[in-house]
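Written below as structure tokens is the structure these notes are about.
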Amino acid sequence: MGLVNLNRVLLKAREHGYAVGAFNFVDMEVLQGIVDAAVEAHAPVIVQTTEGAIEYAGIAYLAAMARIAAERADVDIVLHLDHGKHLEAVMLALRYGYTSVMIDASDRPYEENLALAKEVVKLAHPLGVSVEAELGRLRGIEDNVRVGEAGASLVDPEQAGAFVRASGIDALAPAIGTSHGAFKFKGTPRLDIDRLRRVADLTGIPLVLHGASSVPAKVIEKANRYGARIEGAAGVPDDILQQAIGAGICKVNTDTDLRLAFTAGIRERFAAEPGVFDIRHILGPARQAVKDMVAGRIGAFGSAGRG
Ligand code: G3H
Ligand code: 13P
Ligand code: ZN
């Protein structure tokens, strides 16, 4: 099968009430861990790279690996540009066969964000490439001291409706209280699910949850057991994630969980076998740890058997 776009996997997900996992990769091992888990679960999957990943590995390598993965897999695979900040990155992704792009101008004024989204839609849609954009700032709700301030960083549902109608984007990432990385919540984890429901009603398109990693205590413990020092980490618990899926989230972005699984796997190998220097004996178990993590995430999203 060839690579497909977001509409192919997300419209089905929205109709049936599950979400598709969008996983970040920067190398072959992580990509293979993701795709192997998706194939085993017969789940559709989105593999995505940031501008940073492209700078690290080179877009030609990343795109070629994803294309080969999709040719060999019997499930739907989307190759998506994650957090494209510049038009140049979007155009490069289009040139290298990405089937979906995100233009992330959420840190710019609304009118600029909208103008860029429109421009990207104009470039991408004739090629059959889907477009995601973002509204609001990704910040934990409890990071804000005053209630009014919390609302200010989260998405405005009315504005989201207007943005989607004016831009013609295919998917929207609304800020509802998550943040990137391993330290999402200082107190009780909380997302603004009511706000999310209003965004879903007023936009009518599939919604995307960024900063959705679960940051499992077991993986943190494993990393720390083998020499890491990660304190105070907290992710999005599965029950809250599932409420978000019930309220309109169809694409769930996960990067941190894979980084944690991969590095904990490497730390364990070095500890178990201090003399190891065959990199296959180090990266192979790390790839397996990514695969196990992705399998667990697919279970939580409800996308198994939907490939
Ligand atoms: O938002 C996605 C990532 O977790 C950040 O990735 O370090 O490749 O920019 P990056
Ligand atoms: P996490 O840091 O929670 O994995 O979020 C990843 C993400 O949103 C990628 O776009
Ligand atoms: Zn993100």
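The values are calculated or read from the model by the stated rules, or taken from the named source; none is laboratory data. Worth saying up front: this structure is predicted, and the values here are computed from it rather than measured. We place every Cβ from the backbone using ideal geometry, glycine too, and count neighbours over all the protein chains shown. All accessible areas refer to the heavy atoms of the entire protein, side chains included, with ligands and DNA or RNA removed. Shrake-Rupley method; radii C 1.70, N 1.55, O 1.52, S 1.80 Å.
Residue by residue, here is whether (1) in contact with a Cys (Cβ under 7 Å, 6 or more places away or on another chain); (2) surrounded by fewer than 24 Cβ atoms within 10 Å (Cβ to Cβ) holds:
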position: ALA19; (1), (2): yes, no
position: GLU40; (1), (2): no, yes
position: GLN48; (1), (2): no, no
position: ALA53; (1), (2): no, yes
position: ALA64; (1), (2): no, yes
position: ASP76; (1), (2): no, yes
position: MET102; (1), (2): no, no
### Tally of residues being assigned to a helix (DSSP H, G or I) and closer than 20 Å to ASP74 by Cα across the range 297-307
4
### Query
Considering GLY211, GLY307, GLY235, GLY248, which residue is surrounded by 15 or more Cβ atoms within 10 Å (Cβ to Cβ) and either at pLDDT below 95 or touching a Pro at 6+ places or on another chain (Cβ under 6 Å) (or both)?
GLY307
### Task
Please name all residue pairs, on different chains or six or more residues apart, with Cβ atoms under 6 Å, provided the first residue is in the range 238-266 and is within 23 Å of GLY17 (Cα to Cα) and the second residue is among the charged types (D, E, K, R).
ALA247/ARG197; CYS250/ARG14; THR254/ARG297
### Query
Could we say that ILE59 is within 16 Å of ligand 2 (Cβ to nearest atom), modelled with pLDDT of 95 or more, open to solvent by 10 Å² or more (accessible area, probe 1.4 Å) and closer than 27 Å to ILE279 by Cβ here?
no
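Yes/no matrix, rows are residues, columns are (1) within 16 Å of ligand 3 (Cβ to nearest atom); (2) touching a His at 6+ places or on another chain (Cβ under 9 Å); (3) part of a loop (DSSP other than H, G, I, E, B):
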{"position": "GLU29", "(1), (2), (3)": "no, no, no"}
{"position": "VAL39", "(1), (2), (3)": "no, no, no"}
{"position": "ALA43", "(1), (2), (3)": "no, no, yes"}
{"position": "ILE68", "(1), (2), (3)": "no, no, no"}
{"position": "HIS83", "(1), (2), (3)": "yes, yes, no"}
{"position": "GLY97", "(1), (2), (3)": "no, no, yes"}
{"position": "MET102", "(1), (2), (3)": "yes, yes, no"}
{"position": "GLU111", "(1), (2), (3)": "no, no, no"}
{"position": "LEU114", "(1), (2), (3)": "no, no, no"}
